[in-house]
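See below for the structure under consideration.
The values are calculated or read from the model by the stated rules, or taken from the named source; none is laboratory data. Model, not experiment: these values are computed from the prediction. Cβ coordinates were reconstructed from backbone atoms using ideal geometry, including for glycine residues, and neighbour counts include every protein chain displayed. In case anyone asks, the SASA skips ligands and DNA or RNA and just uses the protein heavy atoms, side chains included. Shrake-Rupley method; radii C 1.70, N 1.55, O 1.52, S 1.80 Å.
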Amino acid sequence: MRVRSAAHGLLLCIAATAPLRPSALAATPTRRRAGVDLRPRPPLADVVEAEFVTEDSDLRSTERSVVIVTTASLPWMTGTAVNPALRAAYMVGGGYGDVTLALPWLEDAADQATLFGDRRFAARKDQEAFVRAWLAANAPDADARSLKFAWYPARYAAGLGSILNLDDITSHIDSTKDDVVILEEPEHLNWYRNGPRWTSRFRHVVGVAHTNYEAYTMVDSGGKVNFDVVAERVFTETVTRAHCDVVVQLSRTLRPLPHSRVCNVHGVRKAFLDVGAAGGPRAFSERPGDARCYFLGKAMWAKGYDQLLVFLGGEDQKGPSVVPDALDDHAARSAPLIDCYGGGPELADISNKSAVLGCGLRFRGPADHADASVFGAYDVFVNPSISEVLCTATAEALAMGKRVVIARHPSNEFFYDFDACHAVAPGDAVAFRREVTAALAAAAADRRKYKAPLPW
């Protein structure tokens, strides 16, 4: 039975359009215009917090009907395509009898060429067959044959690096599916939104916040809090408040969103855990010119390439760091050779700047992280990004038994408890090189002791 009172809907409407708090106005001189209060607002009602699990929000019953809507689709190997597909597959494999995965359909051939490379799909059924085959190969322990699909028309916006829906997504979902909906990137799905509120269409709406759009906007604004950054903050809070009953934030990186909880609800594919269970990555036979470190991510400055160039091509911004006696001082202070995988709109600019600075980066193009023929020989995964919410590639590398060198940042707190994790303060070039050297030195011992899969 659907439980949604008129009062609740009224409160939701008021919260989404409420004026500034009186206290905020009182604190502002009368001769000046009041600023916008960007602090997260309190919950709509205390009962939402006191009784978090309700009849509507209890998803433990496999009798619930679930629709998962996301902003990207395979074969685009991005987190918002991979993780929702795996979530849907494992929900079906876990006993849920009615799960629908709603994906964007790119009719435009140029859009498909940009995101899918050589693969083209003439019809939705062709892409559905591809996704099903990928799930069968990458989630073999989840029997997802009963998974249902829905498609909504979309276009790729190159300037945003994102897929945008062209009309009301709910109109492409079977009208009988009105129980639970999981919105992967709820702010993104509602950037260009028309149609009814998700909370009016579904009994319970869960948002999963994948992406730190504020960090991307800050990069585009040169690190300044300008109008675009403020607009992103206000818009994100408004649409998540209006369209979600609860929002799951993967880490503390994001500003607290309305009705949000911080929890890592992502996992990794079985293929990565199998590598770790077998004793980690295969032995590496060093040859002149080979890189033992790699970076995997979309070729965008906001994905960490700016930090990587600081680490490899610039002077230490934090001052001198102490190098352990067990490590060679020259090796710890010299730049390692790193292979970079991934495509993106800023690849040419990143490559050119890397060449000018003489950094040890080599660009290898897009590749599947699970491809052992490509990544099997690498020992250390480096990810200096401070714009992620939670990096799936880092989790995959740890699952394979590799060492990871990452930024000390709220987005990476989940990984700190792993012995194979090396955290570095952003901008500290000497510390980065020191930790990479330490990680490389420990790789041989890792292969001998790493025999069991990670406990998640």
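What is the calculated FRET efficiency for Ala441 to Asp178, with r their C-beta to C-beta distance and R₀ = 45 Å, to the nearest 0.05? All intermediate terms of the calculation are to be shown ahead of the outcome.
Working: r = 57 Å, r/R0 = 1.26.
So the FRET efficiency works out to roughly 0.20.
Return the sequence-ordered ³J(HN,Hα) values of segment 344-360 in whole Hz as given by the Karplus equation 6.51 cos²θ - 1.76 cosθ + 1.60 applied to θ = phi - 60°, using x for Gly and Pro.
Ordered by residue, 3J(HN,Hα) equals x, x, 10, 4, 4, 5, 5, 4, 5, 5, 4, 5, 5, 7, x, 6, x Hz.
Using each residue's phi in segment 378-392, evaluate 6.51 cos²θ - 1.76 cosθ + 1.60 at θ = phi - 60° and report the 3J(HN,Hα) Karplus result to the nearest Hz, with x for Gly and Pro.
For segment 378-392, the Karplus-derived couplings read 6, 9, 10, 9, 10, 8, x, 4, 10, 10, 7, 8, 7, 7, 5 Hz, x marking Gly and Pro.
Report, in listed order, any pair from Lys224/Lys303; Lys148/Lys177; Lys148/Lys298 with a Cα-Cα distance greater than 21 Å. All intermediate terms of the calculation are to be shown ahead of the outcome.
Values: Lys224/Lys303 18 Å; Lys148/Lys177 11 Å; Lys148/Lys298 29 Å.
Beyond 21 Å: Lys148/Lys298.
Using a 1.4 Å probe and ignoring any ligands, DNA or RNA, find the accessible area of Tyr341 and quote it in Å² to the nearest 10.
The accessible area of Tyr341 comes to roughly 20 Å².
Can you list residues whose amide H is under 5 Å from Ser260's amide H, if they're 5+ apart or on another chain and H is modeled 1.01 Å from N?
Under 5 Å from the amide H of Ser260: Val247.
Using unit Cβ charges (K, R positive; D, E negative) and no other charged atoms, how large, in debye to the nearest 20, is the dipole of segment 160-253 about its Cα centre?
Details: 9 positive and 14 negative charges, 48 e Å.
My answer is approximately 220 debye.
Convert each backbone phi in segment 412-427 into a coupling constant with the Karplus relation 6.51 cos²θ - 1.76 cosθ + 1.60 (shift: θ = phi - 60°), then list the ³J(HN,Hα) values in order as whole Hz, x for Gly and Pro.
Karplus values, whole Hz, x for Gly and Pro: 10, 4, 4, 8, 4, 6, 7, 4, 7, 9, 10, 9, 10, 5, x, x.
First measure r as the distance between the Cβ atoms of Asn226 and Arg362, then evaluate 1/(1 + (r/R0)^6) with R0 = 51 Å and state the FRET efficiency to the nearest 0.05.
Numbers: r = 35 Å, r/R0 = 0.69.
According to the calculation, E is roughly 0.90.
Run the quick spin-label model on Tyr192 and Ser61: label points 7 Å from Cα toward the beta carbon, then report their separation in nm to one decimal.
3.9
Stretched out fully, how many nm does the piece from Asp108 to Arg261 gain, at 0.36 nm a residue minus the Cα gap? All intermediate terms of the calculation are to be shown ahead of the outcome.
Values: separation 153, 0.36 × 153 = 55.08 nm, distance 3.74 nm.
Additional length available on full extension: 51.3 nm.
Check Trp151: other-chain or 5+ apart residues with amide H under 5 Å from its amide H, H built from backbone geometry?
Amide H to amide H, under 5 Å and 5 or more residues apart or across chains, Trp151 pairs with Leu103.
Considering only the other residues whose Cβ falls under 9 Å of the Cβ of Gln112, what net charge follows from Lys and Arg at +1 and Asp and Glu at -1?
Details: positive: Arg119, Arg120; negative: Glu107, Asp108, Asp111.
Residues close to Gln112 contribute a combined charge of -1.
Return the long-range amide H neighbours of Phe363 (sequence gap of 5 or more, or a different chain), with a cut-off of under 5 Å between placed amide H atoms.
Amide H neighbours of Phe363, under 5 Å, 5+ apart: Cys340.
At a probe size of 1.4 Å, how large is the accessible area of Ser175, to the nearest 10 Å²?
For Ser175, the solvent-accessible surface is approximately 100 Å².
Which FRET efficiency, nearest 0.05, do Ala278 and Asp417 yield, Cβ-Cβ r, R0 22 Å? Walk me through the numbers on the way to the answer.
Working: r = 23 Å, r/R0 = 1.03.
Using R0 = 22 Å, I get an efficiency of 0.45.
Tell me the accessible surface of Met77 in square angstrom (1.4 angstrom probe, heavy atoms of protein chains only), to the nearest ten.
90
In a shell of Cβ-Cβ distance under 12 Å around Pro196, excluding Pro196 itself, what net charge do Lys and Arg (+1) and Asp and Glu (-1) give? Walk me through the numbers on the way to the answer.
Values: positive: Arg193, Arg197, Arg201; negative: Asp168, Asp178.
Result for the local shell: +1.
Expected output is a single nm value to one decimal: the length gained when fully extending between Asp371 and Leu164, i.e. 0.36 nm times separation in residues minus the C-alpha distance. What is it? Kindly include the intermediate steps, with their values, before the conclusion.
Values: separation 207, 0.36 × 207 = 74.52 nm, distance 2.95 nm.
Stretched out fully, the Asp371 to Leu164 stretch lengthens by 71.6 nm.
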